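Dumping the structure here so I can ask a few things about it.
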Amino acid sequence: LILTMMIKNNKKMINSKILVVEDEMLVAEDIAGRLRRLGYEVTDIVESGEEAILSVLNNPPDLVLMDIVLAGDMDGIETAETIRQHKQIPIVYLTAYGDKKTLNRSKTTDPYGYVVKPFDVQQLNTTIEIALNKYQAEDKIRKSLADSESARKLAEEIVELKNQYISMISHELRQPISQILLSAETLELSH
């Protein structure tokens, strides 16, 4: 019943695509199943940072749900840093590590959320929804700033063209006046 209510209240996020990065496959499949029941699309389930990066590049999700301890050479925090260098995708950490050192280290990647296992579905859904909403708001601001910058550059180009046009007209007007003055001086000197 609670899941059904959350799905109905969560229509805006229903088609959101989530990448699950978790090195324990049983846990990953459980998380993916819960996400699907909430109405999210799971783009991929991977167990290493290297696989996560490839998945993000090949099939960009709307959000990455990232464990911190992963199989392979990279942990979740290093993976998040690399992903951020290539794509603007919100990352939510879902990990068993809630210690201060790990939390502080994760902050360097500007995560959109941090959920400590074990978690309940409502907590996970709320964190994902807030992360997606925050990212969408930030994306609107980024686009608005880019549009403002484009408008500023266009205005500068228009001013430059206007200045060039005024210089050209000024030059064209000065040339006949200079000829008239030169002719007048020549006539004056010849008398």
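The values are calculated or read from the model by the stated rules, or taken from the named source; none is laboratory data. Since the structure is predicted, the reported quantities are computational estimates derived from the model, not experimental observations. All Cβ positions, even for glycine, are placed from backbone atoms using ideal geometry, and neighbour counts span all protein chains on display. With ligands, DNA and RNA removed, areas are computed over all heavy atoms of the protein, side chains included. Shrake-Rupley method; radii C 1.70, N 1.55, O 1.52, S 1.80 Å.
When you count, for each residue, the other Cβ atoms within 10 Å and take the mean per peptide, how do 144-155, 82-93, 46-57 rank with the highest first?
Most protected by this proxy first, the peptides run 46-57, 82-93, 144-155.
If the viscosity is 1.002 mPa s and the temperature 20 °C, what translational diffusion coefficient in µm²/s does Stokes-Einstein give for segment 37-169 when Rh comes from Kirkwood over Cα pairs?
Stokes-Einstein gives a translational diffusion coefficient of 125 µm²/s.
Figure the gain on full extension for SER167 and SER148 (residue separation times 0.36 nm, minus the Cα-Cα span) and round it to one decimal in nm.
Here the segment from SER167 to SER148 would lengthen by 4.0 nm.
Still on this structure, I have one more. Just the accessible area per residue of segment 43-113, please: how many Å² with a 1.4 Å probe?
Ligands and nucleic acids excluded, the result is 47 Å² per residue.
Let's test the formula: R0 of 25 Å, r as the Cβ-Cβ distance of VAL116 and GLU50. What FRET efficiency results, to the nearest 0.05?
In this case the efficiency is close to 0.50.
Just going by the charge dipole of segment 75-191, with Lys and Arg at +1 and Asp and Glu at -1 on Cβ, which of ALA146, ILE83, PRO111 is farthest out on the positive end?
PRO111
Moving on to the next point. Treat every Asp and Glu Cβ in segment 86-153 as -1 and every Lys and Arg Cβ as +1, leave all other atoms uncharged, and give the resulting dipole magnitude about the Cα centre to the nearest 20 debye.
Computed about the Cα centre, the dipole is about 280 debye.
Turning to a different aspect of this structure: Pairs of Cα atoms under 8 Å, at least six residues apart: use those to get the relative contact order of segment 95-147, whole percent.
Relative CO of segment 95-147 lands at 32 percent.
For the chain, give the percent of accessible area contributed by carbon and sulfur heavy atoms, probe 1.4 Å, rounded to a whole number.
On the chain, the fraction of accessible area on carbon and sulfur atoms equals 57 percent.
Then there is this: Placing +1 at every Lys and Arg Cβ and -1 at every Asp and Glu Cβ, with all other atoms neutral, what dipole size does segment 118-177 have around its Cα centre, in debye to the nearest 20?
220
Size of the dipole of the chain about the Cα centre, Lys and Arg at +1 and Asp and Glu at -1 on the beta carbon, nothing else charged, in debye to 20?
Magnitude of the dipole: close to 880 debye.
Estimate the FRET efficiency between LEU57 and MET25 by the formula 1/(1 + (r/R0)^6), using the beta-carbon distance for r and 35 Å for R0, to the nearest 0.05.
0.95
Could you give the nm distance between label points at ARG37 and ARG105, where each point is 7 Å from its Cα heading toward the beta carbon?
Output for this residue pair reads 3.2 nm.
Still on this structure: At q = 0.18 Å⁻¹, what is the log10 ratio I(q)/I(0) for segment 26-76, with the Debye formula run over Cα points and no solvent?
Log10 I(q)/I(0), no solvent term: -0.57.
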